[in-house]
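Below: one structure, written as structure tokens.
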């Protein structure tokens, strides 16, 4: 999943409004989640961004890319006010000292950004920073550093809100940015969608012709990955879809997005039948425990047959229910399953 990082909620408002993000409780972070991504609001500044992004990446083990979005100032005539740019390399200057370490994305952009520990409001300040980059912001370098520390790729979309090299904005720019925050957020959201769609434009997959299916961005990405892996075993996508009986799946009474989820399950089962059977048997043997109200946490990647249980008990009846399920649980059978004997 992606982690979208913003400094201010105002910059993220269109994303939060349009994409059904829900707030999640994690170490006091201002963090939201939907089907495809997480959204983090760090507050302004290098250290806020570094702390927030690091905490999120350390706590979430399913992040494959980090994207920093927000406004920035233009430092030379190569960038235009109101335009949005992807960033090639992030530099930093903290308390007038240039940081030795820089971070580069895989973007083909030729625009670099320098992250400053203080706001750049005057032409004199802008001229000094223009020796290193084309735009200036307050967070990107910190976000890129956090991503690098966790070996996760980063990208950035920066909207040019002001041109300190050409305009003297001693204080007014902050108010201007606040006033235009909704417009800026709309622009960032539209540009983000363009990039998402471009990244997911693949060859003309047959699956695109089925009106009975609807893929979210994340689901489509999973589909293309699974098909690519299965093409090492099968000749064509058409053959793969026949193998999982696509016609039968399309006739299931369900929402288009639910059919897409079932399709992905079928593809995973086809790719790794043993793993699918193993997971199904684990789920079956643990089901009575879960039904009793226990929360089960398995070892990472099923590396051992240990698992953790936890529960919230409000009354004697719930306690007795949990006690009974534990008493009836066959741990020896569970161990055999975890050790590969999946037909116990």
Item checked: Net lengthening on full extension, residue 225/residue 274 (0.36 nm per residue, minus Cα-Cα) -> 15.7 nm
Check: Which residue, 293, 70, 45, has the most motion in a Gaussian network model of the chain that connects Cα atoms within less than 10 Å?
Finding: 293
Note to self: Which residue fluctuates most in the GNM of the chain (Cα springs below 10 Å): 51, 243, 253?
What the structure shows: 253
Notebook entry, point to check: What is the spin-label model distance, in nm, from residue 251 to residue 180 if the labels are put 7 Å beyond Cα along the C-beta direction?
Noted result: 5.8
Check: Of (i) 58; (ii) 34; (iii) 21, which one was derived for percent of Cα pairs over 38 Å apart from the structure shown?
Finding: (ii)
Next item on the list: Could you calculate the contour length gain from residue 335 to residue 305, that is, 0.36 nm times the residue separation minus the distance between their Cα atoms, to one decimal place in nm?
Entry: 10.2 nm
Check: Taking the Cβ-Cβ separation of residue 190 and residue 9 as r and a Förster radius of 22 Å, what is the calculated FRET efficiency to the nearest 0.05?
Finding: 0.75
Check: Between the helical axis of 273-291 and the dominant principal axis of the chain, each derived from Cα atoms, what acute angle in degrees is found, rounded to the nearest 10?
Finding: 80
Check: Over the chain, what is the percentage of antiparallel beta bridges among all DSSP beta bridges, to the nearest 5?
Finding: 45
Notebook entry, point to check: What is the calculated FRET efficiency for residue 238 to residue 290, with r their C-beta to C-beta distance and R₀ = 41 Å, to the nearest 0.05?
Noted result: 0.60
Next item on the list: Take 154, 205 and order them by how many other Cβ atoms sit within 10 Å, fewest up front.
Entry: 205, 154
Notebook entry, point to check: To the nearest 10 degrees, how steeply does helix 46-59 sit against the main Cα axis of the chain, on a 0 to 90 scale?
Noted result: 10
Note to self: I'd like the per residue volume of the convex hull spanned by the Cα atoms of the stretch 2-199, given in cubic angstrom.
What the structure shows: 111
Next item on the list: Note down the relative contact order for the chain as a percent, whole number, built from C-alpha pairs under 8 angstrom at least six residues apart.
Entry: 14
Notebook entry, point to check: residue 315 to residue 94: extension gain in nm, 0.36 nm per residue of separation minus the Cα-Cα distance?
Noted result: 74.0 nm
Next item on the list: Divide by every residue of the chain the summed helix terms, -39500 (n - 2.57) for each DSSP H run of at least 4, and state the resulting mean residue ellipticity at 222 nm, rounded to the nearest 500 deg cm²/dmol.
Entry: -13500 deg cm²/dmol
Check: With springs only between Cα atoms under 10 Å, which of 31, 157, 249 fluctuates most in a Gaussian network model of the chain?
Finding: 249
Next item on the list: Return the FRET efficiency for the residue pair residue 128, residue 59: r is the Cβ-Cβ distance, R0 is 30 Å, and the value is rounded to the nearest 0.05.
Entry: 0.20
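Every read-out reported here was derived from the displayed coordinates using simple, explicitly stated rules and does not represent laboratory data. Computed from a predicted model, the values in this text were never measured in an experiment. Methodologically, a virtual Cβ is constructed for each residue, glycine included, from the backbone with ideal geometry; neighbour enumeration extends over all protein chains shown.
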